1. Which order do Cys235, Cys172 take by accessible area at a 1.4 Å probe, largest first?
2. Quote the relative contact order of region 134-282 in percent (integer), defining contacts as alpha-carbon pairs under 8 Å separated by 6+ residues.
3. How much length would be gained if the chain were fully extended between Asp29 and Asn378, taking 0.36 nm per residue of separation minus their Cα-Cα distance, in nm to one decimal?
4. Kindly rank 385-393, 237-245 from highest to lowest mean number of other beta carbons found within 10 Å of each residue.
5. Give the Kirkwood hydrodynamic radius (Å, one decimal) of region 345-392, defined as one over the mean of 1/r across all pairs of different Cα atoms.
6. Assuming a ≥ b ≥ c are the square roots of the Cα gyration tensor eigenvalues, decide whether region 362-462 counts as rounded (a/c under 1.5), prolate (otherwise, with a/b larger than b/c) or oblate.
7. With Cβ to Cβ distances under 10 Å as the rule, what net charge do the other residues near Gln13 carry (K, R +1; D, E -1)?
8. Just the number: Rg to Rh for region 48-176, Cα atoms, Kirkwood Rh, two decimals.
Amino acid sequence: MEFPVATKTQHEQWTVENLVFRKYNLFEDLPHHAQTLMLELRRDEHIEYLMRGLRGLPASFSVLDANRPWMCYWILHSLALLGELVDDELENNTIDFLSRCQDPNGGYGGGPGQMPHLATTYAAVNSLITLGGHKALSSINRRELYTFLRRMKQPSGGFRMHDAGEIDVRACYTAISVASVLNILDHELVDNVGSYILSCQTYEGGISGEPGSEAHGGYTFCGLATMILINEVNCLDLPRLIDWLVFRQGKECGFQGRTNKLVDGCYSFWQGGAFALLQRIPSVSEEQIVLPDVGHCTLDTSHTSTTSRISEVGNSSEGTSSQVDDTGGFRQEGLKVPFPVNYNDIGYDFINRSVEMKPLFHAIALQRYILLCTQAENGGLIDKPGKSRDFYHTCYCLSGLSICQHICSDADSPVLPRAVSGPYSNLLEPIHPLFNVVLDQYHEAREFFTTHRAPFNSEVLH
Ligand SMILES: CC(C)=CCC/C(C)=C/CC/C(C)=C/COP(=O)(O)OP(=O)(O)O
Ligand SMILES: [Zn+2]
């Protein structure tokens, strides 16, 4: 029998509760106008912090040597969420820098001349999509990138992060996400990925990094998004996954990453994003789960049992077998989806589906955690009160905030004021939850990479 291995001490939990509830108590005692002020997103301070970070990237290169495309992505994506453009000089410098990180044999390394790695490849591709425009998008060598992805692919179905590197769920997600958004996803890349992800769904219901490890929010997002992108999501035990997820939102209103650990702002995206994905899965929303109305604002996050009514969902007894049809598409047996499937259309169709289901988490309470507890005074966002700001937490707290604000709206419908905690000016740009890039930038990339349509395999175009 496996048990969760994570632990937090009583002392750690009390410290967090003290810091968080002190903020909430202070907030509750204030008059309405002062509450609105406290809930304000400190846009200018965040932009200032991010812009300084982007301009100063060269100075931090020695410290973050293998992380540079990530720094670009975290900063550029945060700015895009805030609706802030970068000037031409910074844009050109970033494209040139990322081009120097691109390996002649495909993929991107953590810096110029470094070995290509799937995580930095994902970060570089998402950065270039976020910048947008012909120069950025055409700088990605898709032919060689495809070769790199094939080299990382393992017979077991999973992917290695880099040559001789570790095989895990992150590698599956970054490979499949990049291939999907670049329109180079094919059966050779998809083959058996589903079995690998399934082997990582644990007895708790969440997904672990590798078989036998502990379920964790980061890997759960990666595994779920991958299963959607390869059209095998109904092979997961979705009721169990939802059961695990709904108990990750704590009384502090934020999410924890795993059982018996502390809440942390970055899981606003990893767990909140997983909810946003579940909401667009037809077999989940078809069950018409009835939830209490969470459109109004309250800090009461008492958990309602939501999963009993979907206990039959996802029990696809026919398994995950797939077969090639004569159009080159793939038929998935036992899934409630239209056939045949073009893998490269899945991400596009997914975002254009209407959302008929209310969120399965308390989106207003999570916004309050982000706004009241994770905004650093002088810009940037943090894990929890008492921690220092960094670009990773700024990116994923803002991504989670955007998820919460847009969770009740279709891609083309306006967000109602009651869905936005604090002033309406807090509203961020919507994202594509499968890739975590801003929706407008996703659409531009989709247009670009479908117009420059790439035949599969060795015929893939640059
Ligand atoms: C696309 C991509 C590369 C995704 C990465 C996903 C991700 C965030 C994985 C989490 C990894 C992990 C086990 C963190 C636990 O750290 P911890 O023990 O410090 O934190 P905890 O106490 O909150 O679990
Ligand atoms: Zn974190």
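1. Most to least solvent-accessible, the answer reads Cys235, Cys172.
2. On the way: 205 pairs, mean separation 25.6, N = 149.
Computed value for region 134-282: 17 percent relative contact order.
3. Extra length available between Asp29 and Asn378 comes to 123.2 nm.
4. 237-245, 385-393
5. Working: mean 1/r = 0.0745 Å⁻¹.
It is 13.4 Å.
6. Taking the square roots of the gyration eigenvalues as a ≥ b ≥ c, region 362-462 is oblate.
7. Net of charged neighbours comes to -1.
8. Dividing the radius of gyration by the Kirkwood radius yields 0.98.
The values are calculated or read from the model by the stated rules, or taken from the named source; none is laboratory data. It should be emphasised that the depicted structure is a prediction, and the values quoted were computed from it without experimental measurement. With ideal geometry, Cβ positions are generated from the backbone for all residues, glycine too; neighbour counts draw on all protein chains shown. Each accessible area value is taken on the protein alone, full model and side chains, heavy atoms only, with ligands, DNA and RNA left out. Shrake-Rupley method; radii C 1.70, N 1.55, O 1.52, S 1.80 Å.
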